[in-house]
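In what follows, a structure is listed as structure tokens, so that the remarks can point back to it.
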Amino acid sequence: MGRLLTRTQIRRIVAENGREVLAHPNMQRERANYQHGNVSTFAHSIRVACLAVWLADRAHLWNRVDLKSLVRAALLHDYFLYDWHDWDGGTHRLHGFTHGNAALLNAMRDFRLNAIERDSISCHMFPMTPTAPSYVEGWLVTAADKLSATRETFSLDRFNKGKGGKGDRNVKDEERAR
Ligand SMILES: [Fe+2]
Ligand SMILES: [Fe+2]
């Protein structure tokens, strides 16, 4: 790919490659589960996917990355399907360590995943979990997740620009791009 991708092109790539995942009823349920502050897991997952594609583009990794696997893994990396703030039983402390596997089990139940997607989802919390990602796609998802969660270094508002807010408002953008 010659020219660097624009924000609109990145959103279109995510919408097209993530169509099956984004349309699933369980993914739609993630609109009601909140992640960081007032950002839903659904919106967070789209941000991570956009940022992972942006990182792949800016690092010129196109010949090393399977784009569809990258987008799907990023969209499913937090597919644990509960609001971890409400998670009871005293185990919510372990959420950071266990939710990669919970996401993987749910995702394997709902979708046909390849090895890149499975590994990238289960290892996305590295180094909190002992196993590092085995594929470059997994490293991109891990990096994008951390950048997205901390909102450091990059202005993630690039993906919300003009909408004047956070949370699910940017999701409407994704839907328009679909
Ligand atoms: Fe996560
Ligand atoms: Fe995440």
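Looking at Leu94, Leu81, Leu55, Leu5, which is the one that is in contact with a Lys or Arg (Cβ under 8 Å, 6 or more places away or on another chain) and either aliphatic (A, V, I, L, M) or at positive phi (or both)?
Details: Leu94 fails: in contact with a Lys or Arg (Cβ under 8 Å, 6 or more places away or on another chain); Leu55 fails: in contact with a Lys or Arg (Cβ under 8 Å, 6 or more places away or on another chain); Leu5 fails: in contact with a Lys or Arg (Cβ under 8 Å, 6 or more places away or on another chain).
Going through Leu94, Leu81, Leu55, Leu5 in turn, the sole match is Leu81.
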Those residues of the range 1-13 which are part of a helix (DSSP H, G or I) and in contact with an Asp or Glu (Cβ under 7 Å, 6 or more places away or on another chain) amount to Arg11
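Report whether or not Asn106 is over 26 Å from Pro127 (Cβ atoms), away from ligand 2 (no atom under 12 Å from the Cβ) and either among the β-branched types (Val, Ile, Thr) or at pLDDT 95 or above (or both).
Details: over 26 Å from Pro127 (Cβ atoms): no; away from ligand 2 (no atom under 12 Å from the Cβ): yes; either among the β-branched types (Val, Ile, Thr) or at pLDDT 95 or above (or both): yes.
The answer is no for Asn106.
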Among the residues of the range 14-41, the number that are surrounded by 21 or more Cβ atoms within 10 Å (Cβ to Cβ) and in contact with a Leu (Cβ under 9 Å, 6 or more places away or on another chain) is 8
When restricted to Arg176, Arg118, Arg169, the only residue within 21 Å of Glu30 (Cβ to Cβ), more than 16 Å from ligand 2 (Cβ to nearest atom) and either modelled with pLDDT of 50 or more or touching a helix residue (DSSP H, G or I) at 6+ places or on another chain (Cβ under 6 Å) (or both) is Arg118
In the range 121-145, residues that are within 13 Å of ligand 2 (Cβ to nearest atom) and in contact with a Pro (Cβ under 7 Å, 6 or more places away or on another chain) total 3
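For every residue, the table says whether it meets (1) within 16 Å of Tyr135 (Cβ to Cβ); (2) in contact (Cβ under 8 Å) with a residue 60 or more places away in the chain; (3) within 16 Å of the chain's Cα centre (by Cα).
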| residue | (1), (2), (3) |
| --- | --- |
| His24 | no, yes, yes |
| Arg31 | no, yes, yes |
| Tyr34 | no, no, yes |
| Arg47 | no, yes, yes |
| Cys50 | no, yes, yes |
| Arg58 | no, no, no |
| Asn63 | yes, no, no |
| Leu70 | yes, yes, yes |
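Every residue, every condition in (1) buried (at least 16 other Cβ atoms within 10 Å of the Cβ); (2) within 11 Å of ligand 1 (Cβ to nearest atom); (3) closer than 14 Å to Val21 by Cβ, yes or no:
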residue: Gly96; (1), (2), (3): no, yes, no
residue: Ala102; (1), (2), (3): yes, yes, no
residue: Ser120; (1), (2), (3): yes, no, yes
residue: Ala132; (1), (2), (3): no, no, no
For the range 32-51, indicate whether the set of residues that are closer than 13 Å to Val141 by Cβ, at pLDDT 90 or above and not in a helix (DSSP H, G or I) is non-empty.
no
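So is Leu4 under 15 Å from Ala144 (Cα atoms) and either out of contact with any Ser or Thr (no Cβ under 7 Å at 6 or more places or on another chain) or surrounded by 15 or more Cβ atoms within 10 Å (Cβ to Cβ) (or both) or not? Can you show your working first?
Details: under 15 Å from Ala144 (Cα atoms): no; either out of contact with any Ser or Thr (no Cβ under 7 Å at 6 or more places or on another chain) or surrounded by 15 or more Cβ atoms within 10 Å (Cβ to Cβ) (or both): yes.
Spelling it out, it is not the case that Leu4 is under 15 Å from Ala144 (Cα atoms) and either out of contact with any Ser or Thr (no Cβ under 7 Å at 6 or more places or on another chain) or surrounded by 15 or more Cβ atoms within 10 Å (Cβ to Cβ) (or both).
Just the residues that are part of a loop (DSSP other than H, G, I, E, B) and modelled with pLDDT under 80, please, taken from the range 52-94.
Result: Tyr82, Asp83, Trp84, His85, Asp86, Trp87, Asp88, Gly89, Gly90, Thr91.
The values are calculated or read from the model by the stated rules, or taken from the named source; none is laboratory data. Because the structure is predicted, anything quoted here is derived from the model rather than measured. Backbone-built Cβ (ideal geometry, glycine too); neighbour counts: all protein chains shown.
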